[in-house]
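Chemist: Quick one: the structure is below, and I'll ask about it shortly.
The values are calculated or read from the model by the stated rules, or taken from the named source; none is laboratory data. All of these numbers come straight from a predicted model, not from anything done at the bench. Please note: Cβ atoms are built from the backbone with ideal geometry, for glycine as well, and neighbour counts cover all protein chains shown. For the accessible areas, the whole protein counts, side chains as well, though only heavy atoms, and no ligand, DNA or RNA atoms are used. Shrake-Rupley method; radii C 1.70, N 1.55, O 1.52, S 1.80 Å.
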Amino acid sequence: MNKTFQNIFDTYNWDDTLASINNKTTQDVEYALSKTKRDLEDFKAMVSPAAKPYLEQMAYLSKMTTKKRFGNTIQMYVPMYLSNECQNICTYCGFSMTNKIPRRTLTDAEILKEVAFLKSKGYDHILLVTGEANKTVGVPYIKHAMELIKDKFANITIEVQPLDQHEYEELIEANLYAVLVYQETYHRAEYKKHHPKGKKSNFDYRLDTADRLGKAGVHKIGIGALFGLEDWRADSFFTALHLKYLQKTYWKTKYSISFPRLRPHSGGLEPKVEMTDRDLVQTICAFRLLDEDVELSMSTRESEVFRNNIVHLGITSLSAESKTNPGGYVVEPQSLEQFEISDERPTEQIAAMLQENGLEPVWKDWEAFS
Ligand code: SF4
């Protein structure tokens, strides 16, 4: 039998998992924090309500652990949206199929214009993003875009529709470095509600995407949940469970976790479960204390103030000056963004902020293709 994460995931029940997190005690938290190697039960304790009074201690431990493993560096990356065409309905997204917005897919000339701007800012790591529209932005388009720009970047990451294993293999041949694929929520019924139409409505196919990536042999896999769709504690736990399974199964691969929170967009979905700034810090620290090596990534969805603080507490990779619309940098800056950016500071300002805080922005990961 072809085993995947689904086999493990299906042995868990959402409500029982959440109850077990909420039942963690002060003693469980103190025990978890006293350890040097922590497991998933410790993770539950660290994201539990009982851990709230321990946030300062968690932040300190997270900071020291990150410093020991990653030094004083922050990897810089930037997203480039290639297309806003999409054949899915996602209740929280401005590109959702039924939203009446002008659709655009960048041409070669437009891609190169955007790239010239991003290169002028110093970026060497790029994240290519599309909606999920197999006909217009399927594998041939993505591969062509990668080939067009591969000489200009040290590594290329994509965040596109989940693909089959052989398609990932084809893109890896074309120098694909990493793939980000978020489950959005690990709550099956809520997932269904937020993805009523299109290929994305298939929860299981999305859930097993990281397995297909692992089998294809991609260098790095990024996972995460969109916080706000369901209870953030349970979604954090299932992300951690997913991470631990992947690390054990595809041990040559690197991993990263992202922490998107629901942002306003043209559809205007409000979070079902609020995740406060303190909650988000608690989750980030819990991931760092669970795993010393995993990359933790923070986008410009979060505010200036929040990002200035969190760069000390466990985050290892940061985007800046992001645009979430195709052509958003120079080709068509006024088009509709996928979601609103909160931290709009220019790249130079973010780099200066990091340096003022004793951190070194890293533009190129020299180990990428070693
Ligand atoms: S989240 Fe992705 S798949 Fe869903 S509507 Fe937006 S672009 Fe399409």
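Chemist: Suppose the filter is under 20 Å from the mean Cα position of the chain (by Cα), open to solvent by less than 60 Å² (accessible area, probe 1.4 Å) and more than 30 Å from E356 (Cα to Cα); does I142 pass it?
Modeler: yes
Chemist: Need the failing condition index for P326 against (1) in contact with a strand residue (DSSP E or B) (Cβ under 8 Å, 6 or more places away or on another chain); (2) in contact (Cβ under 8 Å) with a residue 60 or more places away in the chain; (3) surrounded by fewer than 23 Cβ atoms within 10 Å (Cβ to Cβ), just the number.
Modeler: Tallying (1) in contact with a strand residue (DSSP E or B) (Cβ under 8 Å, 6 or more places away or on another chain); (2) in contact (Cβ under 8 Å) with a residue 60 or more places away in the chain; (3) surrounded by fewer than 23 Cβ atoms within 10 Å (Cβ to Cβ), P326 fails exactly one: (3).
Chemist: Okay, next question. Within the stretch 255-277, is there a residue that is open to solvent by less than 10 Å² (accessible area, probe 1.4 Å) and out of contact with any strand residue (DSSP E or B) (no Cβ under 7 Å at 6 or more places or on another chain)?
Modeler: no
Chemist: Taking the stretch 129-142, which residues are touching a helix residue (DSSP H, G or I) at 6+ places or on another chain (Cβ under 6 Å) and either away from the ligand (no atom under 13 Å from the Cβ) or part of a strand (DSSP E or B) (or both)?
Modeler: Correct list: V139 only.
Chemist: Here are D235, D204, D211, D231: which of them is open to solvent by less than 10 Å² (accessible area, probe 1.4 Å), more than 27 Å from I126 (Cβ to Cβ) and acidic (D, E)?
Modeler: Of D235, D204, D211, D231, the one residue that is open to solvent by less than 10 Å² (accessible area, probe 1.4 Å), more than 27 Å from I126 (Cβ to Cβ) and acidic (D, E) is D235.
Chemist: With the requirement that a residue be open to solvent by 40 Å² or more (accessible area, probe 1.4 Å) and under 26 Å from the mean Cα position of the chain (by Cα), what does the stretch 20-35 give you?
Modeler: N22
Chemist: Please count how many residues of the stretch 185-201 are open to solvent by less than 20 Å² (accessible area, probe 1.4 Å) and not in a helix (DSSP H, G or I).
Modeler: Of the residues in the stretch 185-201, 3 are open to solvent by less than 20 Å² (accessible area, probe 1.4 Å) and not in a helix (DSSP H, G or I).
Chemist: State which residue is nearest to R233 (Cα to Cα) when the search covers only the stretch 274-297 and only residues that are among the β-branched types (V, I, T) and touching a Lys or Arg at 6+ places or on another chain (Cβ under 9 Å).
Modeler: Per the criteria, the residue is T283.
Chemist: Could you list all residues from the stretch 167-180 that are in contact (Cβ under 8 Å) with a residue 24 or more places away in the chain and either within 16 Å of the ligand (Cβ to nearest atom) or part of a helix (DSSP H, G or I) (or both)?
Modeler: Selection gives E167, Y168, E169, E170, L171, I172, V179, L180.
Chemist: For D42, state whether it is under 30 Å from Y191 (Cβ atoms), open to solvent by less than 70 Å² (accessible area, probe 1.4 Å), in contact (Cβ under 8 Å) with a residue 60 or more places away in the chain and not polar (S, T, N, Q).
Modeler: So D42 passes the test.
Chemist: Condition check: open to solvent by 10 Å² or more (accessible area, probe 1.4 Å), charged (D, E, K, R) and part of a helix (DSSP H, G or I). Does K252 satisfy that?
Modeler: No: the conditions fail for K252.
Chemist: Say we look at the stretch 69-109 and pick out the residues that are farther than 30 Å from E292 by Cβ, open to solvent by 20 Å² or more (accessible area, probe 1.4 Å) and under 19 Å from the mean Cα position of the chain (by Cα); which of these is nearest to the ligand (Cβ to nearest atom)?
Modeler: Only one residue fits best here, namely Y92.
Residue-wise test of (1) farther than 17 Å from L296 by Cβ; (2) modelled with pLDDT of 95 or more; (3) assigned to a helix (DSSP H, G or I); (4) among the charged types (D, E, K, R).
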| site | (1), (2), (3), (4) |
| --- | --- |
| D211 | yes, yes, yes, yes |
| H242 | no, yes, yes, no |
| Y245 | yes, yes, yes, no |
| K248 | yes, yes, yes, yes |
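Chemist: Mind checking which pairs have a first residue in the stretch 181-197 that is within 15 Å of L241 (Cα to Cα) and a second that is more than 13 Å from the ligand (Cβ to nearest atom) and open to solvent by 10 Å² or more (accessible area, probe 1.4 Å), Cβ under 7 Å, 6 or more apart or different chains?
Modeler: Matching pairs, first to second residue: Y182/S258; T185/E230; H187/W14; H187/E230.
Chemist: Within the stretch 111-123, identify whether any single residue is modelled with pLDDT of 95 or more, crowded, with 20+ Cβ neighbours inside 10 Å and either within 11 Å of the ligand (Cβ to nearest atom) or at positive phi (or both), and answer yes or no.
Modeler: No, the stretch 111-123 contains no residue that is modelled with pLDDT of 95 or more, crowded, with 20+ Cβ neighbours inside 10 Å and either within 11 Å of the ligand (Cβ to nearest atom) or at positive phi (or both).
Chemist: Here's something else I'd like to know. I'd like the full set of residues that are of a type in the set (A, V, I, L, M), at pLDDT 95 or above and assigned to a loop (DSSP other than H, G, I, E, B), limited to the stretch 289-312.
Modeler: The one that is of a type in the set (A, V, I, L, M), at pLDDT 95 or above and assigned to a loop (DSSP other than H, G, I, E, B): V294.
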